[in-house]
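> Below you will find the structure I want to go over with you.
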Amino acid sequence: MTKLLQWLWTLAFLGTAWAVLTLDLLGLDLLPLAWYQVLWPLPTYLLVAFGCYSLGAVGYRLATFNDCEEAARELQAQIREARDDLARRGLRF
């Protein structure tokens with residue numbers, strides 16, 4: 001099972017549980033009124049929390065991004081070598 005399917009199954013399960021509890025589809029009247037007031041906006045809160053986490057994760061990864069100066073020099077040398085080879089074959093830059 002791929003990671004996407006795992007996420008989709010989890011979201012489907014959580015969405016079903018949310019719908020059953022919020023809409024009282026079983027007719028059991030299990031939760032007090034205060035819980036229903038929390039359950040209704042819960043998907044919005046979770047979406048906002050996920051967005052904040054995503055922004056934080058991207059910001060952290062960007063702040064701790066490693067510079068690969070040796071790899072950059074190697075790549076620039078390979079570019080020079082390729083240009084010299086193409087210039088020998090008659091291509092002008």
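> Please identify the pairs in which a residue from segment 1-25 that is in contact (Cβ under 8 Å) with a residue 12 or more places away in the chain has its Cβ atom under 6 Å from the Cβ atom of a residue that is aliphatic (A, V, I, L, M) and loosely packed, with under 11 Cβ neighbours inside 10 Å, counting only partners at least 6 apart or on another chain.
none
> Turning to a different aspect of this structure: Are any residues in segment 1-39 surrounded by 11 or more Cβ atoms within 10 Å (Cβ to Cβ) and either outside any helix (DSSP H, G or I) or in contact with a His (Cβ under 7 Å, 6 or more places away or on another chain) (or both), and if so, which ones?
24, 31
> Let me ask you something else. Among the residues of segment 56-82, how many are among the polar types (S, T, N, Q) and part of a helix (DSSP H, G or I)?
2
FYI, it's all coordinate maths here, none of it is from the lab. All values derive from a computational prediction rather than experimental measurement. Cβ atoms come from the backbone with ideal geometry, glycine included; neighbour counts cover every protein chain shown.
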